[in-house]
Amino acid sequence: MAFSIRRQQTHPRTKVDWPIEYAVFSDKFGVIHERSKLVDFSRAGICFLTMCNLEIGMELTIHLKMPDREDRTLTLRGEVVRIDEKADMFQMFKAVGVKWAPDATLRLLFDEQA
């Protein structure tokens, strides 16, 4: 457990409040496509809020429009690695942690933040 905590800390998170869209296929629910709110991101992954029933291990396609570049949408892939069922005080939303896929193109996301 201590190893995973240290690993998370090696990638500082940037807090944001950006809209995102994601899509995933679920055996139980079919195709899930939702607009949501991105909470933070790092070189390792992202955290966003959802009301959907996602599961650890699901592979997502994420569409992100950066606020200062709304004409360009970044499409990235990742895997759900963490779900916090109590992300807000009313327990309506879940916070979903996603680890970037190994082939995710992150250069544009981080070049914009520099």
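Any read-out appearing in this document is the output of simple, stated calculations on the displayed coordinates, not a laboratory observation. All of these numbers come straight from a predicted model, not from anything done at the bench. Using ideal geometry, Cβ is built from the backbone for each residue, glycine included, and neighbour counts are taken over all protein chains shown.
Remarks
- Local electrostatic count, residue 24, Cβ distance below 13 Å [Lys/Arg +1, Asp/Glu -1]: -4
- Calculated over region 11-113: convex hull of Cα atoms, volume per residue (Å³): 101 Å³
- In this structure, the amide hydrogen of residue 20, modeled 1.01 Å from its nitrogen in the peptide plane, lies closer than 5 angstrom to those of 36, 37, 38, counting only residues at least 5 positions away or on a different chain.
- Label-point separation, residue 84 to residue 26 (7 Å along Cα→Cβ), nm: 2.0 nm
- With 5 Å bins from 0: P(r) over region 18-65, alpha-carbon pairs, percent: 5, 19, 35, 26, 12, 3, 0
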